[in-house]
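Step one of this worksheet: look at the structure below.
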Amino acid sequence: QVQLVESGGGLVQAGGSLRLSCAAYGSTFSSYFLGWFRQAPGKEREFVAAIDWSGAKILGESLKGRFTISRDNAKNTVYLQMISLTPEDTAVYYCAAGERMSPLVAHYDYWGQGTQVTVSA
């Protein structure tokens, strides 16, 4: 079993940057695929990015060029670097762990509590 704890969210002005972190506790971190999702008020949870143990990654099409996912297996941590943020990026950002690299919410077994990102105009 894996416990995930996100951090790094906050309030930022449009055009700014944030780096989210997700620390994993419990089971073997390197054996899991890790993903970031986000959910804005009134909307479904949306795939952002995912990464495997070797660093291979997939990104949501609309986010390429602005968002980058990375992981540090030695620190049991996955990161989401976000640049050129817009108010449309405002959402709760969730970290998730699963046994396959996938953009689908249903393929992830463990979820963090989420961290709020608010981008002001």
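The values are calculated or read from the model by the stated rules, or taken from the named source; none is laboratory data. This structure is a prediction, so every number in the text was calculated from the model and none was measured. Just the protein is used for accessible areas: all its heavy atoms, side chains included, with ligands, DNA and RNA removed. Shrake-Rupley method; radii C 1.70, N 1.55, O 1.52, S 1.80 Å.
What percent do you get for the relative contact order of the chain when only Cα pairs under 8 Å and 6+ apart count?
36
List the residues, sorted by chain then number, that are 5 or more residues from residue 16 or on another chain and whose placed amide H is less than 5 Å from its amide H.
When sequence neighbours closer than 5 places are left aside, the close amide H contacts are 85.
Given that compact globular proteins tend to follow 2.2 N^0.38 Å, what is the ratio of the alpha-carbon Rg of the range 10-90 to that value?
On the way: Rg = 13.2 Å, N = 81, 2.2 N^0.38 = 11.7 Å.
Rg over 2.2 N^0.38 Å, computed on Cα atoms: 1.13.
Take every Cα-Cα distance within the range 61-115, group them into 10 Å bins from 0 onward, and report for each bin the whole-number percent of pairs it holds.
Spelled out bin by bin, the range 61-115 gives 18, 51, 30, 1 percent.
Over the range 1-45, what number does the Rg to Rh ratio reach, with both radii from the alpha-carbon atoms and Rh per Kirkwood?
Taking Rg over the Kirkwood Rh, I get 1.05.
For the range 1-118, what does the accessible surface come to per residue with a 1.4 Å probe? Please give it in Å².
With the other protein chains kept in place, the range 1-118 gives 50 Å² per residue.
For the chain, with all protein chains present and a 1.4 Å probe, just round the carbon and sulfur fraction of the accessible area to a whole percent.
Details: 3020 of 6100 Å².
Ligands and nucleic acids excluded, carbon and sulfur give 50 percent.
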